Amino acid sequence: MQNLCYLAKRNDASSAISDLNKLIIHHNVSKFQPAVKSDNTLPYANHESVKEMQEAMRDVVRQQLIDDIRDSDMYAMMCDESTDVSNEKTLVVYVRYAKRGRAETKFFEVSEINGDECNAVELCETISRVLESRGVNLENMCCITTDGASVMTGVRGGLTTLLKRRDPHLLSIHCIAHRLALASGQAADKVQYLVKYQAMINTIFKYYNYSPKHQSRQRKFQEVYKMAEKKFKQTFHTRWLSFEGAVDAVIINYDALLTCLEMEVAEDNDRCQPDPADHHSGSHSAVPSGDDNNPWPHFLASLPDGYQNGFDFGDDGHNNFIKCSNKEIDASENIRSTFINHVIENLEARFTDNGIISNFAVLNPENLPQNSTDLATYGDQQIHDPGKHYGPSITNQQSPMTVSEKHLKCEWSLFKHHMDKNYRTITFSNMAETVLTSKTLVASYPNLCKIMKIAITLPLSTADCERGFSKYNLIKTKPRNRLTPDSVNTLMTITVDTPDLDHMKDFNFCKAFDLWASTKQGKINTFFK
């Protein structure tokens, strides 16, 4: 089982079969009476048996996850949709819950969605079906975090709106990473210089990406300049950090790129074709001028002293002389200031109003006032809003999030002094772990502990879903594009939520083996208990 889990993480299970069969015989040879082959191995090398073994390990992980969610009483969900290699719409779901006072995030499910009906209603039904199949109550969900797309957060018929109609206490969060990317991307779109610069970066990418001839020539110049091969990248507003990687590729390849483009210009003008070996080092004038139609980056922060008169750019003797006039310097400073102002405006518009979620900040010991006078009224208004939101008039009486507004206020008036005395110097997460694992404190502050558990459960980002898609794309590749959703879920669970390869001994292989063996009753005459 351990070998199979190891190879499942590497997307290769077939080579573990012989070792696995020997493991089965060695585990309890006297209790089994199946047909044994001459080399003392069981005949379980069929791909269906491999699948059953993987499913047994998956079920161990799933059962532990369901038990943890039920013990926690509440959980949060992160979900995101994408299109896989076979052009199927998929929904990746992760869950977050509190276990022993600390928040844990786990992979939950990958589901295929009908592309013709990929709307909020279909997403809502898919999530409800997935939760019901696992025996998890939708009413115990305290929050759902999405990427902010209209199908997810539309105020009239988005996924979060439909779910809130069922459970009014449900919170929804627009992923902070997506908000930050949108803020910076939209700020850049308002600066014409940066729009042109992005177009130039993408033009360079397309020029080389779609031409093997151009790629080959670029690699030759990289060899001449003794550069590591660095491919040009395309910029995307929807892909985090794509701008940094694209700009970095241009800077690293600057010498080879400039020389290669000069060669292309020479050929177009019917000049003699230079040999790459003749370009070991060069002194190139900067391509840009003061022309607004010729965007060019100004690395103002890293320029050397006296850069106004021009400076050398490059390493290992491959220097290029960069012109830098006062006009270009002033233009660069104006662009920088304009962009920063637009970024600030976008950040304020997207991050200032978080509704009830911002009220949880009073639970952070770092926000406690310094004097006792302010402490007397500290947080009274902020704790009122969660008390009202999770009161019995809003939530279902049976919901684990239901609190008494009156009792919550009384508990807070006492707890903030306890927090000031005992937890002022620690973080909120450490305080929450201490409080939620103390039976005495939970009994003394039952309503406040519910609010605290909700606070540590809230997922502010869907980054785990993005990482899940990366794992998904490593499993469902072009040669394996016919993998069923069930098989993908099995491999995703084993890959993501089993221990790292260095800590495989922590996995309960005996339980997985028992689950697998219980399905082989027809082939195993005697099953040990």
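Determine which member of the set N371, N367 is open to solvent by 50 Å² or more (accessible area, probe 1.4 Å), under 18 Å from H418 (Cβ atoms), modelled with pLDDT under 90 and not hydroxyl-bearing (S, T, Y).
Testing whether each residue is open to solvent by 50 Å² or more (accessible area, probe 1.4 Å), under 18 Å from H418 (Cβ atoms), modelled with pLDDT under 90 and not hydroxyl-bearing (S, T, Y) leaves just N371.
Considering only the range 341-356, I want to know if a residue exists there that is open to solvent by 60 Å² or more (accessible area, probe 1.4 Å), farther than 30 Å from D385 by Cα and part of a helix (DSSP H, G or I).
Yes, because at least one residue in the range 341-356 is open to solvent by 60 Å² or more (accessible area, probe 1.4 Å), farther than 30 Å from D385 by Cα and part of a helix (DSSP H, G or I).
Given the conditions (1) under 21 Å from the mean Cα position of the chain (by Cα); (2) modelled with pLDDT of 90 or more, which single one is not true for T83?
Unmet for T83, out of (1) under 21 Å from the mean Cα position of the chain (by Cα); (2) modelled with pLDDT of 90 or more: (2).
When the residues of the range 389-436 are narrowed to those that are of a type in the set (K, R) and surrounded by 15 or more Cβ atoms within 10 Å (Cβ to Cβ), which ends up nearest to P365 (Cα to Cα)?
Filtering first and then ranking leaves K416.
Each row is one residue, and each column tells you yes or no for (1) exposed (fewer than 14 other Cβ atoms within 10 Å of the Cβ); (2) touching a Lys or Arg at 6+ places or on another chain (Cβ under 9 Å).
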| residue | (1), (2) |
| --- | --- |
| S438 | no, no |
| C449 | no, no |
| E466 | no, no |
| K471 | no, no |
| K478 | yes, no |
| S487 | no, yes |
| I494 | no, yes |
| K511 | no, no |
| D514 | no, yes |
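Return the pairs, sorted by first residue and then second, in which the second residue is modelled with pLDDT of 90 or more and in a helix (DSSP H, G or I), the first residue lies in the range 47-69 and is open to solvent by 60 Å² or more (accessible area, probe 1.4 Å), the beta carbons are less than 8 Å apart, and the residues are 6+ apart or on different chains.
Note: pairs meeting the criteria are K51/S487; K51/T490.
Can you tell me which of A188, A183 is more than 30 Å from D71 (Cβ to Cβ) and under 23 Å from the mean Cα position of the chain (by Cα)?
When all the criteria are applied, what remains is A183.
Could you give every pair whose Cβ atoms fall below 9 Å, whose first residue belongs to the range 323-343 and is without any contact (Cβ under 8 Å) to a residue 24 or more places away in the chain, and whose second residue is open to solvent by 60 Å² or more (accessible area, probe 1.4 Å) and part of a helix (DSSP H, G or I), counting only separations of at least 6 or pairs across chains?
Correct list of pairs: N326/Q308.
I'd like to verify a number: residues in the range 516-529 that are modelled with pLDDT of 50 or more and either under 15 Å from V61 (Cβ atoms) or open to solvent by 70 Å² or more (accessible area, probe 1.4 Å) (or both), how many?
So the answer is 3.
I'd like the full set of residues that are of a type in the set (S, T, N, Q) and touching a residue at least 60 places away in the same chain (Cβ under 8 Å), limited to the range 88-145.
Matches in the range 88-145: T90, T105, S111, N140, T145.
Residue under question is E117, and the condition is that it be open to solvent by 40 Å² or more (accessible area, probe 1.4 Å), among the acidic types (D, E) and at pLDDT below 95; does it hold?
Taking the combined requirement at face value, the residue satisfies it.
Would you please name the residue that is farthest from the chain's Cα centre (by Cα), looking only at residues in the range 399-424 that are among the hydroxyl-bearing types (S, T, Y) and under 27 Å from P459 (Cβ atoms)?
The selected residue is S404.
Please state which of the following conditions A277 fails to meet, knowing it meets all the rest: (1) modelled with pLDDT under 65; (2) part of a helix (DSSP H, G or I); (3) of a type outside the set (K, R); (4) surrounded by 13 or more Cβ atoms within 10 Å (Cβ to Cβ).
If we test A277 against (1) modelled with pLDDT under 65; (2) part of a helix (DSSP H, G or I); (3) of a type outside the set (K, R); (4) surrounded by 13 or more Cβ atoms within 10 Å (Cβ to Cβ), just (4) comes out false.
The values are calculated or read from the model by the stated rules, or taken from the named source; none is laboratory data. Just so you know, these numbers come straight off a predicted model, no measurement behind them. Positions of Cβ are backbone-derived with ideal geometry, glycine not excepted, and every protein chain shown enters the neighbour counts. Note: areas computed on protein heavy atoms with side chains; ligands, DNA, RNA excluded. Shrake-Rupley method; radii C 1.70, N 1.55, O 1.52, S 1.80 Å.
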